[in-house]
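The values are calculated or read from the model by the stated rules, or taken from the named source; none is laboratory data. Just so it is clear, the structure is predicted and the values come from calculations on it, not from any experiment. Cβ atoms come from the backbone with ideal geometry, glycine included; neighbour counts cover every protein chain shown. Note: areas computed on protein heavy atoms with side chains; ligands, DNA, RNA excluded. Shrake-Rupley method; radii C 1.70, N 1.55, O 1.52, S 1.80 Å.
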Amino acid sequence: MSTQLTGRPADASVAHWRAVAAATGPADRATAEHAVRAAYRAAGLAEPTAFRWYPSPLAAVTELLDHREEFGANVREQVRTAAWERARTAAFTAHGPGGWAEIWGATGAELAATTTLPAERVRAALLDHFAPEPEPLDWEESRKPENKERRRVAGEARAKVRLALVDAVAGQHDAAWFAAFDTAGTGDEALAALAGVARQTGWWWPFENTVLLSERPTALHRDEAGRLDRADGPALAYADGFALYAWRGMPVPADFLEQLTGLTAERIRAEENAELRRVMLEHFGYERYLAESGAKPLHRDETGVLWRIQLPDDEPVVMVEVVNSTPEPDGTYRTYYLRVPPSVRTARAGVAWTFGVEEAEYRPQRET
């Protein structure tokens, strides 16, 4: 195992750690445990006496909530936090604040949006699984002693789960930071050991006596923007069945995707959850919805047609319909529907907005 993160070019670091963040399948457990032992030694700690592997973060947190006292004190501060602080200090010293900001912009910032999102989604799903928020109550109901007690118990449960999540090291989901430290070339033995663990595992929990490690997911599906996304199953799945469902980044219930088959304009209108209704609209297609819902144009001019879809308990969907002035290979002209802010009142203003200019300034010599 390398003892340094030696300063490779930013594009190489980003490519390497993007692949780590997206890796699925079983860990090389021997390699991961070797790296954990090295991280403990580098932190000045005795090596852990036991390793416990789990098929998912859900399974690991279940064990942690039931048997935390068996594992000794949590040592995340010594093992992970101290190494991070040394690396940041070294990066500032070697490159200056401006240089470090430039490195982060070319590496960590490039990866953070897509690599940290699965971790945030897992964290939220675990909180909801172990300690769901109580249903909101009106003022009179909330004052009843039994409801006050129920909320107190729920709050304590959520605090316990949050502590278990804070104690974790994110493993492969720390890829953005490792890419930056990799390029900065300021890593020490402790950081290199942590990188070795991240290349093999998902979340893991360093305790004084025992280390809990969760396997990486068995499947990860994302769209072109890097958001969790799958229309026919879980977007993130683990070997024990723990899974997250999402459509273009938005969390959805497990059975919701089945409802996307056979959608109708009336079913979309009847959906009470505004966020799920937006997913339905996107899946169904705005053009089709306009045709099947009997929508009428709000405005038309030489630039296009402005459409407005009124939705219950939600802001309206406003789109400008435009025809591409460049013909397709078969000689036809393609029609596009571009979503614009609800405040837009004319087709020209909508088209102008898509170009980032005011309506009065939009006077193209030739539209493309």
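If you count, for each residue, the other Cβ atoms within 10 Å and average over each peptide, how do 42-49, 234-241 line up from highest to lowest? Write down the numbers at each step before the final one.
Details: 42-49: 14.8, 234-241: 19.6.
Result, highest mean Cβ count within 10 Å first: 234-241, 42-49.
How long are the semi-axes of the equivalent ellipsoid of the stretch 183-230, defined as square roots of 5 times the Cα gyration tensor eigenvalues? Whole Å, largest first.
Values: eigenvalues 140, 71, 10 Å².
Ellipsoid semi-axes (Å, largest first): 26, 19, 7.
Could you report the chain's accessible area per residue, 1.4 Å probe, as an integer in Å²?
Details: 18530 Å² over 368 residues.
That works out to 50 Å² for each residue.
Select from Glu328, Glu292, Glu266 the residue whose mean-square fluctuation is largest in a Gaussian network model of the chain (Cα-Cα springs shorter than 10 Å).
Largest GNM mean-square fluctuation: Glu328.
Any chance you could give the angle, 0 to 90 degrees and rounded to 10, that helix 117-130 forms with the longest Cα principal axis of the chain?
Orientation of helix 117-130: about 80 degrees from the principal axis.
To one decimal place, what orientation-averaged projected area in nm² is obtained for the convex hull of the Cα set of the stretch 239-336?
In nm², the orientation-averaged hull projection of the stretch 239-336 is 9.2.
Hey, if you put +1 on the Cβ of every Lys and Arg and -1 on every Asp and Glu Cβ in the stretch 168-301, which of Gly249, Pro206, Tyr238 ends up farthest toward the positive end of that dipole?
Gly249
Assuming R0 = 22 Å, what is the FRET efficiency of Asp255 and Arg152, from their Cβ-Cβ distance, to the nearest 0.05? Mind dumping the intermediate values first?
Values: r = 32 Å, r/R0 = 1.46.
Computed FRET efficiency for Asp255 and Arg152: 0.10.
When a/c reaches 1.5 or more, the comparison of a/b and b/c decides; with that in mind, is the stretch 168-256 rounded, prolate or oblate per its Cα gyration tensor? Walk me through the numbers before you get to the answer.
Numbers: a/c = 3.47, a/b = 1.65, b/c = 2.11.
Verdict is oblate for the stretch 168-256.
Where the accessible area of the chain is counted over protein heavy atoms with a 1.4 Å probe, how much of it, in %, is carbon and sulfur? Before the final figure, lay out the partial values.
Working: 9350 of 18530 Å².
Carbon and sulfur atoms account for 50 percent of the accessible area of the chain.
Using 0.36 nm per residue, how much length does the chain from Glu358 to Glu282 gain when fully extended, once their Cα-Cα distance is taken away?
Between Glu358 and Glu282, full extension yields an extra 24.6 nm.
For the chain, find the longest principal axis of its Cα atoms and tell me its angle to the long axis of helix 82-106, 0 to 90°, nearest 10.
The angle comes out near 30 degrees.
Using amide H atoms built in the peptide plane, which far-off residues or other-chain residues are under 5 Å from Val75 H to H?
Those qualifying (amide H under 5 Å, at least 5 residues apart or on another chain) are Phe207, Glu208.
Report, in debye and to the nearest 20, how large the dipole of the stretch 202-294 comes out about its Cα centre when Lys and Arg carry +1 and Asp and Glu carry -1 on their Cβ. Display every interim value, and only then the final one.
Working: 10 positive and 16 negative charges, 35 e Å.
Dipole size: approximately 160 debye.
Placing +1 on the Cβ of each Lys and Arg and -1 on the Cβ of each Asp and Glu in the chain, which of Thr116, Thr303, Ala360 has its Cα farthest towards the positive end of the resulting dipole?
Positive-most Cα among the choices belongs to Thr116.
Which order do the peptides 332-340, 245-253 come out in when sorted by mean C-beta neighbours inside 10 angstrom, highest first? Walk me through the numbers on the way to the answer.
Numbers: 332-340: 13.4, 245-253: 18.6.
Output ranking for 332-340, 245-253: 245-253, 332-340.
Quick one: if you stick a label point 7 Å off each Cα along the C-beta vector at Arg339 and Asn273, how many nm between them?
It is 1.7 nm.
For the chain, what does the helix formula give at 222 nm: sum of -39500 (n - 2.57) over DSSP H segments with n ≥ 4, over the residue count, nearest 500 deg cm²/dmol?
Value at 222 nm, helices only: -14000 deg cm²/dmol.
If one takes the longest principal axis of the Cα atoms in the chain, at what angle in degrees, from 0 to 90 and to the nearest 10, does the Cα axis of helix 57-67 lie?
40 degrees
With a Förster radius of 51 Å, plug the Cβ-Cβ distance of Asn324 and Asp128 into 1/(1 + (r/R0)^6) and report the FRET value to the nearest 0.05. Each step should come with its number before you reach the end.
On the way: r = 44 Å, r/R0 = 0.86.
Using R0 = 51 Å, I get an efficiency of 0.70.
Over the chain, with a Gaussian network built from C-alpha contacts below 10 Å, which listed residue (Leu191, Leu276, Leu163) shows the highest mean-square fluctuation?
Leu163
Taking semi-axes √(5λ) of the Cα gyration tensor in Å straight from the coordinates, which label in (1) 39, 23, 19; (2) 46, 30, 19; (3) 33, 26, 20 is the correct one?
(2)
Quick check: pseudo-label points 7 Å beyond the Cα along Cα→Cβ at Ala112 and Ala30, how many nm apart are they?
So the label points at Ala112 and Ala30 sit 3.9 nm apart.
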